[in-house]
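Read-outs throughout are calculated quantities, based only on the coordinates presented, and are distinct from any laboratory measurement. For clarity, every value in this text was computed on a predicted model and none was experimentally measured.
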Amino acid sequence: MEARGRGRGRRSSKGTGIALLVASIGAFIVYAYFLLASQWSIIVLQLTVLAAVAALVAVLAWIGYTIATAQTPDTATGSGNNNNNSSNNSNAKL
């Protein structure tokens, strides 16, 4: 019975893949028409460049935010070097 369940999932995935393939080809044809054969070509080109730059800047901003908010090894342990010093002091008392 398990094989039947897996087969249905594969058919569903295959159908989704074919739908995405056909939709992307159709979107490219519509985009190419608006870019090359319509009076809206300049606007389409400007919007394309704007979207590409926005995506690039968004990725750079996300990388910067991730770096700025990442925990360093010192902040991950709590108090950094103070943690090591307190354990050294307790060993010295023994």
Next item on the list: Return the sequence-ordered ³J(HN,Hα) values of the stretch 51-58 in whole Hz as given by the Karplus equation 6.51 cos²θ - 1.76 cosθ + 1.60 applied to θ = phi - 60°, using x for Gly and Pro.
Entry: 5, 5, 5, 4, 5, 5, 5, 5
Item checked: Cα radius of gyration and Dmax for the stretch 19-73 (Å) -> 17.6, 57
